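The values are calculated or read from the model by the stated rules, or taken from the named source; none is laboratory data. None of the values given here were measured: they were computed from a predicted structure. Neighbour counts are summed over all protein chains in view; Cβ atoms, including those assigned to glycine, are modelled from backbone coordinates with ideal geometry.
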Amino acid sequence: MENKTPDQDFHPNGEAHAERAKRAWQSRESAALYRQSRHLVNTARYRREDAIIKEWLKKLPPKAHVLDLPCGTGRMIDNITGLGFQYTGGDISSHMIEEAKNEAAGNPNVIRFVEADLEKLPFADNSFDCIIIWRILHHQADSLVRQRMLAEAARVTRRWVLVSFHHLLSATALRKFVLRTCFGRRQNGRPITHWQLRREAERGGLRLVETKGLRKYISINWYACLEKENRD
């Protein structure tokens, strides 16, 4: 049998899980509930995440155009437009987009919203100065799905891609592993290491510049700044 490194493993149910993840928030009710939940839980974590995002966004030139994928109900709008940047949001769910439009009402820096699949983005090459891919990679159990998403981001960005991911080497990931293996607790997606993220990003044409974490190796939540290689 051929030996494979962990990041080369193909998960037989990975593609099916990716499709389930895409459908998970398709209904109007689920989109509304998601928007409400943003304002009720994890506010301290969100503030810390927002600080990390803004620190990286400050690398951008004035009036840069940022693509937010998946935009969900519009959490990133203020982070991006508050710095004077132009905002485009994309999501596979039309109902999520409707919620985000409500969040964006009256904001002159919001350009548009587009129904978009991260694996097949409806944008031309080099359309945006930065792409934010937040809270989606950890839902993808298959390395090939993540690589396709990162490759599409590399194609569409002019320079930067910012992502969040769940880190395998963390106390939280260990706790989730124990719950899954010892108590049968079902958990979707797959945590990865930042070394694995680097390999997957490089295969798509991105270079890992920096990683940050809320509490590195304690919290499962990590974040990465990626830069497009071979920029014109």
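For the range 174-187, check the following and say yes or no: at least one residue is free of Cβ contacts under 8 Å to residues at least 60 places away in the same chain and surrounded by 19 or more Cβ atoms within 10 Å (Cβ to Cβ).
No, every residue in the range 174-187 fails to be free of Cβ contacts under 8 Å to residues at least 60 places away in the same chain and surrounded by 19 or more Cβ atoms within 10 Å (Cβ to Cβ).
Just to be sure I understand, how many residues within the range 119-152 are among the hydroxyl-bearing types (Ser, Thr, Tyr) and surrounded by fewer than 17 Cβ atoms within 10 Å (Cβ to Cβ)?
1
Provide a single number: the residues in the range 119-130 that are touching a residue at least 40 places away in the same chain (Cβ under 8 Å) and outside any loop (DSSP other than H, G, I, E, B).
3
Scan (1) over 15 Å from the mean Cα position of the chain (by Cα); (2) polar (S, T, N, Q); (3) under 23 Å from Tyr223 (Cα atoms) for the single condition Gln140 breaks and write down its number.
Among (1) over 15 Å from the mean Cα position of the chain (by Cα); (2) polar (S, T, N, Q); (3) under 23 Å from Tyr223 (Cα atoms), the lone unmet condition for Gln140 is (1).
Restrict the check to the range 31-51 and report whether at least one residue is in contact with a Pro (Cβ under 9 Å, 6 or more places away or on another chain) and modelled with pLDDT under 95.
no
What are the residues in the range 168-210 that are among the basic types (Lys, Arg) and touching a strand residue (DSSP E or B) at 6+ places or on another chain (Cβ under 6 Å), if any?
The answer is Arg198, Arg207.
Would you please list the contacts, defined by Cβ atoms under 6 Å and residues six or more apart or on different chains, that run from a residue in the range 188-213 that is closer than 20 Å to Arg231 by Cα and without any contact (Cβ under 8 Å) to a residue 60 or more places away in the chain to a residue that is in a strand (DSSP E or B) and among the β-branched types (Val, Ile, Thr)?
Leu206/Val161
If you scan the range 193-223, which residues turn out to be touching a Phe, Trp or Tyr at 6+ places or on another chain (Cβ under 7 Å), of a type in the set (A, V, I, L, M, F, W, C) and assigned to a strand (DSSP E or B)?
Trp222
Could you check the range 203-232 and list, in sequence order, the residues that are out of contact with any Leu (no Cβ under 8 Å at 6 or more places or on another chain), surrounded by 16 or more Cβ atoms within 10 Å (Cβ to Cβ) and acidic (Asp, Glu)?
Scanning the range 203-232 gives no hits.
Checking Leu169 against (1) touching a Gly at 6+ places or on another chain (Cβ under 8 Å); (2) farther than 22 Å from Gly74 by Cβ; (3) not in a helix (DSSP H, G or I), which test does it fail?
Only one criterion in (1) touching a Gly at 6+ places or on another chain (Cβ under 8 Å); (2) farther than 22 Å from Gly74 by Cβ; (3) not in a helix (DSSP H, G or I) is unmet by Leu169, namely (1).
When you scan the range 41-118 for strands (runs of 3 or more DSSP E) that lie fully inside it, which ones turn up with 3 or more residues that are among the hydrophobic types (A, V, I, L, M, F, W, C) and either touching a residue at least 12 places away in the same chain (Cβ under 8 Å) or crowded, with 18+ Cβ neighbours inside 10 Å (or both)?
65-69, 110-115
In the range 131-166, how many are over 23 Å from Glu49 (Cα atoms) and either without any contact (Cβ under 8 Å) to a residue 60 or more places away in the chain or part of a helix (DSSP H, G or I) (or both)?
Residues in the range 131-166 being over 23 Å from Glu49 (Cα atoms) and either without any contact (Cβ under 8 Å) to a residue 60 or more places away in the chain or part of a helix (DSSP H, G or I) (or both): 9 in total.
Do you know which of the residues in the range 181-212 that are in contact with a His (Cβ under 8 Å, 6 or more places away or on another chain) and among the hydrophobic types (A, V, I, L, M, F, W, C) is modelled with the highest pLDDT?
Within the range 181-212, the match that is modelled with the highest pLDDT is Leu208.
Give the residues of the range 61-83 that are out of contact with any Asp or Glu (no Cβ under 7 Å at 6 or more places or on another chain) and polar (S, T, N, Q), sorted by residue number.
Thr81
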